Structures are given as structure tokens and as C-alpha cells.
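Heads up, the thing below is written out as C-alpha cells.
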Amino acid sequence: QVQLVESGGGLVQAGGSLRLSCAASGRTFSSYVMAWFRQAPGTEREFVAAISRTGGGTYYADSVKGRFTVSRDNAKNTVYLQMNKLEPEDTAVYYCAAAPRLSVGTSRHEYDYWGQGTQVTVSS
């Protein structure tokens, strides 16, 4: 089992940047595929980005491709989401998720462990 704690959210103007972090407990972090999802009020939780166990493979939603970068540091049990050129449409609660699997998934149903979420608000 793994516990996830997100940090780094906040209020930023459109065009600005934020970096989210997700710290994981346990000694088997490198066994988990990691992902970021987000959920705006009144909408379903949607996929944002995911990264393979080694960090060699990354995947993005079309809406964030070219603006967001997912990375991980297995020595620090941490996954990051660098968000640049933020837009008001990026406003949401961002969740970190983990799955003990080989292949990367983009569906929230493929992830077993979730953090509590961190709020990102982008003002226009």
C-alpha cells in the first residue's frame, strides 16, 4: 500500500506557472505507475498526465500537451507536475494517483491509490 500527499497548488494568473509535488510513502515507489488527474466543480475527474515506473515514458492529455511536464524522482519517492502557460480552464483540484502495474493507464479506474488533492486556481 502507498499513501500520497500532494502539495504546490495555489492561485496564479493566466500565463503563469506552478509545480505540483506528490510525495509517496513506502519503499516500493518505483513499482508504481504514477499519474495526475484533475477535477473541476461539476465535472468528472479527468486524466492530465502519467509516467512509467522508470520515468522513461510519459503521457499527456491533449489539453495540456506542450504546457505540462510530468517527472519523478524514485530516490525521493516523489512525482512532479510542472505546469506552464496556465489557463483559467486549468482551474481544478489536482490529484496524484498510483497503480502497481507495468503499463501506464489513462483511466481513473486503473489507479488504486489517491492523494487528497491540491487546489489550482488560474485567474484571467
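At-a-glance table
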read-out	value
Pairs where the first residue, in the range 62-79, is under 13 Å from Ser52 (Cα atoms) and the second is in a loop (DSSP other than H, G, I, E, B) and open to solvent by less than 50 Å² (accessible area, probe 1.4 Å), C-beta under 6 Å, 6+ apart	Arg72/Gly55
Identity of the residue in the range 80-106, under 13 Å from the mean Cα position of the chain (by Cα) and farther than 19 Å from Gly55 by Cβ, that ends up surrounded by the fewest Cβ atoms within 10 Å (Cβ to Cβ)	Val93
Candidate set: the range 56-72, residues that are touching a helix residue (DSSP H, G or I) at 6+ places or on another chain (Cβ under 9 Å) and not hydroxyl-bearing (Ser, Thr, Tyr); chosen: the one farthest from Val93 (Cα to Cα)	Arg72
Residue within the range 38-57 that is outside any strand (DSSP E or B), of a type in the set (Val, Ile, Thr), farther than 20 Å from Asp112 by Cα and open to solvent by 20 Å² or more (accessible area, probe 1.4 Å) present	yes
Subset tally (residues that are over 15 Å from the mean Cα position of the chain (by Cα) and buried (at least 18 other Cβ atoms within 10 Å of the Cβ)) for the range 1-28	1
Residue within the range 28-41 that is within 13 Å of Val93 (Cα to Cα), of a type in the set (A, V, I, L, M) and in contact with a helix residue (DSSP H, G or I) (Cβ under 9 Å, 6 or more places away or on another chain) present	yes
Filtered residue count, the range 84-105, keeping only those that are assigned to a loop (DSSP other than H, G, I, E, B) and either under 16 Å from Ala35 (Cα atoms) or without any contact (Cβ under 8 Å) to a residue 12 or more places away in the chain (or both)	6
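The values are calculated or read from the model by the stated rules, or taken from the named source; none is laboratory data. Keep in mind it's a predicted model, so treat the numbers as computed, not measured. Heads up, the Cβs are rebuilt from the backbone with ideal geometry, glycines too, and the neighbour counts pull from every protein chain shown. Ligands, DNA and RNA are stripped out before the accessible areas are found, and what is left, the full protein with its side chains, is counted by its heavy atoms. Shrake-Rupley method; radii C 1.70, N 1.55, O 1.52, S 1.80 Å.
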